[in-house]
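The structure appears below as structure tokens.
The values are calculated or read from the model by the stated rules, or taken from the named source; none is laboratory data. All of these numbers come straight from a predicted model, not from anything done at the bench. Backbone-built Cβ (ideal geometry, glycine too); neighbour counts: all protein chains shown. Side chains are part of the model used for accessible areas, which takes the heavy atoms of the whole protein and leaves out ligands, DNA and RNA. Shrake-Rupley method; radii C 1.70, N 1.55, O 1.52, S 1.80 Å.
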Amino acid sequence: MKKALITGITGQDGPYLAKLLLEKGYEVYGLMRRYSCPNFSNTDYLDITEKINFVSGDLTDEASIMNIIKTIRPDEVYNLAAQSFVGSSWEQSKFTTEVNALGVLYLLNALKFFSPNTRFYQASTSEMFGNSHEKGLQKEETPFHPRSPYAIAKLYAYWMTINFKESYGMHCSNGILFNHESPIRGIEFVTRKISDGVARIKLGLTDEIRLGNLDSKRDWGFAGDYVEAMWLMLQQENPNNYIVSTGETHSIRDFLDLAFKHVGIENWKKYIKIDPRFKRPAELFSLHGTNKKAQEVLGWKPKVKFEELVKIMVDADLKRLKK
């Protein structure tokens, strides 16, 4: 039986990946920081909490990471842990750097010393492209132009992953994932803020949603599809870097339009309040990537379309709030 260690196990992607690996017969370990009141709501949502071996550790504590790798010696490690909210990275830039950049270095060092044959996946991000000056769809060779402390820290981790592969012959791959959402997306993210807000408005629990730039465009996919690409990367004979995306772009206005229409509200503008607090110091206007390499090498392509994704999220929040 293969053993896999997932960091960020209680985030959005961790539970979907854990479910996929459990279905494939893996023994799954999930790294968790020590909390007095741990939150298992995301793993509970997928009904897998009791099937995961939770281990206590912290990416910013190198000794704890060394001990975990030495003890488990996993076949595969999926590093999904991060301070993942771009907006917060401006207020917590040091913490974001410690987790998203140095934490990856600690993890790679632990693997190099105690389990060098382990296959490693690093969760990279389309935010590294920033406002790239290259026209058309972003691809693996597109120059990076990070526009936030979050993206800069992720870029450090991206290149460190490549350097460990090239310097020590380790099986290290980067998945450059474009925006991906689900019913267990954090409430602070704009898509979940919208789906939750629309559900609350429909049920008469609120009368507004506060947002920032409605014209931002993103390449949105479903998290449940994207974790399959992560797994496929570590099944390849040779490690590599892959963009995981849908190749389509939609604006926040598009998301609002679909979400409100799904609950029978046509004129949604009266419910939206623009709040300057949610605008970034360095705004990103459009991200959209090509998944051609992932399709050709991994045989992967997204299954859930944008319209279906919006409906899934709104329906899930309606169900949750009705309870």
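Points to keep in mind about this one:
- Volume of the Cα convex hull of the chain, divided per residue and given in Å³: 133
- With 0.36 nm allotted per residue and the present C-alpha distance subtracted, the residue 139-residue 203 stretch has 18.8 nm of extension available.
- GluC sites (Glu not before Pro) within region 98-162: DSSP coil, no more than 12 neighbouring Cβ in 10 Å: 134, 141
- Remark: region 188-300 carries 44 Å² of accessible area per residue (probe radius 1.4 Å; ligands, DNA and RNA excluded).
- Over region 225-323, the ratio between the Cα radius of gyration and 2.2 N^0.38 Å evaluates to 1.40.
- Percent accessible area from carbon and sulfur atoms, the chain, protein chains only, probe 1.4 Å: 49
- Neighbour net charge for residue 292 - beta-carbon separation under 12 angstrom, K R +1, D E -1: 0
- Rounded, prolate or oblate (a/c below 1.5 giving rounded, otherwise prolate when a/b exceeds b/c) for region 78-149 by Cα gyration tensor: oblate
- Between residue 296 and residue 251, the distance separating the two model label sites (each 7 Å from Cα on the Cα→Cβ line) works out to 3.3 nm.
- Dividing the mean sequence gap of close Cα pairs (under 8 Å, 6+ apart) by how many residues region 41-196 holds gives a relative contact order of 24 percent.
- Rounded, prolate or oblate (a/c below 1.5 giving rounded, otherwise prolate when a/b exceeds b/c) for region 59-99 by Cα gyration tensor: oblate
- C-alpha long axis of helix 149-168 to longest principal axis of the chain, angle in °: 30
- Efficiency of FRET from Cβ geometry, residue 166 and residue 275, R₀ 30 Å, rounded to 0.05: 0.10
- A straight line joining the Cα centroids of region 1-46 and region 301-319 runs 22 Å.
- About the Cα centre, charge dipole magnitude for the chain (Lys/Arg +1, Asp/Glu -1 at Cβ), debye: 460
- The residue list 158, 111, 99 was ranked by how far each Cα lies along the charge dipole of the chain toward its positive end, using unit charges on Cβ atoms, and 99 comes out on top.
- Mean separation of Cα contacts under 8 Å (6+ apart) over length of the chain, as relative contact order %: 17
- Listed pairs 94/301; 193/322; 154/202; 2/217; 3/305 exceeding 29 Å between Cα atoms: 94/301; 154/202; 2/217; 3/305
- Ellipticity estimate at 222 nm from DSSP helix runs (n ≥ 4, -39,500 (n - 2.57)) divided over the chain, nearest 500: -11500 deg cm²/dmol
- Placed amide H near residue 171: partners under 5 Å, 5+ positions off or other chain: 120
- Sparse-neighbour loop sites [chymotrypsin sites (Phe, Trp or Tyr not before Pro); region 18-120; at most 10 other C-beta within 10 Å; DSSP]: 35
- Using the 1.4 Å probe convention, the accessible area of region 1-107 works out to 47 Å² per residue with neighbouring protein chains retained.
- Taking 100, 39, 179 in turn, the Gaussian network model of the chain (Cα-Cα springs below 10 Å) assigns the largest fluctuation to 39.
- Max mean-square fluctuation residue, GNM over the chain, Cα-Cα springs under 10 Å, options 234, 21, 203: 203
- Here the contact order of region 23-116, divided by its residue count and restricted to Cα pairs under 8 Å and six or more residues apart, works out to 30 percent.
- The long axis of helix 252-262 is offset from the longest Cα principal axis of the chain by roughly 70 degrees.
- For region 25-117: rounded, prolate or oblate by the Cα gyration tensor [a/c cutoff 1.5]: oblate
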